[in-house]
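Trainee: Handing you a structure now.
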Amino acid sequence: MKSYEELFDALLDLAFAEDIGDGDHTTLSTIPADAMGRSRLIIKEEGIVSGIDEAIHTLHRIDPEIKVEVMKKDGDVVAPGDIVFTAEGKVRSLLIAERTLLNIMQRMSGVATMTRRFQKELDGLKTKVLDTRKTTPGMRILEKKGVKDGRGSNHRMGLYDMILIKDNHIDFAGGIEKAVKRAVDYCREHGKNLKIEVEARTLDDVRKLVEMPEVDRIMLDNFTPELTREAVEIIAGRKETESSGGITLENLRSYGEAGVDFISVGALTHSVKGLDMSFKAF
């Protein structure tokens, strides 16, 4: 597997290719090559900041000689007028990097802000908010880091680091028992030590799964809060529990109060507004 740094550099390669192309001709034609200047990252609305290291790395990919002074850290609460960092160096470099670093920080900070809002609804409960794989293609590692900065928790990163048997797998495999057995056999044959999570659609599914020692977590898919409470009572702490499907900020706490360990919310990454900020000369 590629490291976080390798994946991020690959993302930057694509971002620079689509934005810079064969050159920022506006900047190259109006700014002398030896002109020096300073810019600062200014917050324009309340939220949670995320992506500071990634923004600095973006600057240094354009120009390693840019000097940066950081005033905030990822996960901090920010308000309009807050300065996150300042950067000093060649004006051309600052201008060329501006949009890419803003796109990254705005998206990550929007995810962190949304996540903090959801997790705050669960204050006082054991339940943790999880992200999903409903992410922007190519930006998954960044969005999931934004979730962590918002005090949420990460579900699996991709298809490779956990077995998650959902309704289609169960139906195509011919039932829960067959699907779980095949997953266990597969892991044994390929030397994989992966957690196994299985989706339950009914309380009967829950009763089957709770008796399977190979299953680590039961996903309660599209259960009402009332059915969720019944399922948690059946499971009685023998498996991890996760609620998923149809969960909003308005009904989130009722699922947490039903006693589940985790609640997965696609909206943390797929329905996010970027946090407003700018990178301005001063």
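Trainee: Within 10 Å, count the other beta carbons around each residue, average over each peptide in 34-47, 178-191, and list them highest first.
Mentor: 34-47, 178-191
Trainee: As a test of the formula, what do you get for the chain when each DSSP H run with n ≥ 4 contributes -39,500 (n - 2.57) and the sum is divided by the residue count, at 222 nm and rounded to the nearest 500 deg cm²/dmol?
Mentor: When only DSSP H runs of four or more count, the value is -13500 deg cm²/dmol.
Trainee: Give me the percent of DSSP beta bridges within the chain that run antiparallel, rounded to the nearest 5.
Mentor: Roughly 50 percent of the beta bridges in the chain run antiparallel, per DSSP.
Trainee: Taking only protein heavy atoms and a 1.4 Å probe, what accessible area per residue, in Å², does the chain have with all protein chains in place?
Mentor: Computed with neighbouring chains in place, this is 50 Å² per residue.
Trainee: Roughly what angle does helix 91-120 make with the longest principal axis of the chain, taking Cα atoms, 0 to 90 degrees, to the nearest 10?
Mentor: 30
Trainee: Does anyone have the angle between helix 140-149 and the longest principal axis of the chain? Alpha-carbon axes, 0 to 90°, nearest 10?
Mentor: So the inclination is approximately 80 degrees.
Trainee: Any idea what the relative contact order of the chain is, in percent, if you count C-alpha pairs under 8 Å spaced at least 6 apart?
Mentor: That works out to 22 percent.
Trainee: Continuing with the same structure: Could you tell me what percent of the accessible area of the stretch 145-282 is made up of carbon and sulfur, with a 1.4 Å probe and every protein chain present?
Mentor: 50
Trainee: Could you sort 50-60, 21-31, 75-85, 223-233 so that the peptide with the highest average Cβ count within 10 Å comes first and the rest follow in order?
Mentor: The peptides rank, most packed first, as 50-60, 223-233, 75-85, 21-31.
Trainee: Got a number for carbon plus sulfur as a percent of the stretch 42-112's accessible area, 1.4 Å probe?
Mentor: The value for the stretch 42-112 is 47 percent carbon and sulfur by accessible area.
Trainee: Here's a follow-up. Going by the alpha-carbon gyration tensor, a ≥ b ≥ c the square roots of its eigenvalues, is the stretch 1-117 rounded (a/c under 1.5) or, if a/c is not under 1.5, prolate (a/b greater than b/c) versus oblate?
Mentor: The shape class here is oblate.
Trainee: For helix 225-235, report the angle its Cα long axis makes with the longest principal axis of the Cα atoms of the chain; keep it between 0 and 90° and round to the nearest 10°.
Mentor: With rounding to tens, the tilt is 60 degrees.
Trainee: Below 8 Å between Cα atoms, with a sequence gap of 6+, how large is the relative contact order for the stretch 100-218 in percent?
Mentor: 20
The values are calculated or read from the model by the stated rules, or taken from the named source; none is laboratory data. Note that the structure is predicted; figures quoted are calculated from it, not measured. Positions of Cβ are backbone-derived with ideal geometry, glycine not excepted, and every protein chain shown enters the neighbour counts. To get the accessible areas, we keep the full protein, side chains included, count just its heavy atoms, and leave off ligands, DNA and RNA. Shrake-Rupley method; radii C 1.70, N 1.55, O 1.52, S 1.80 Å.
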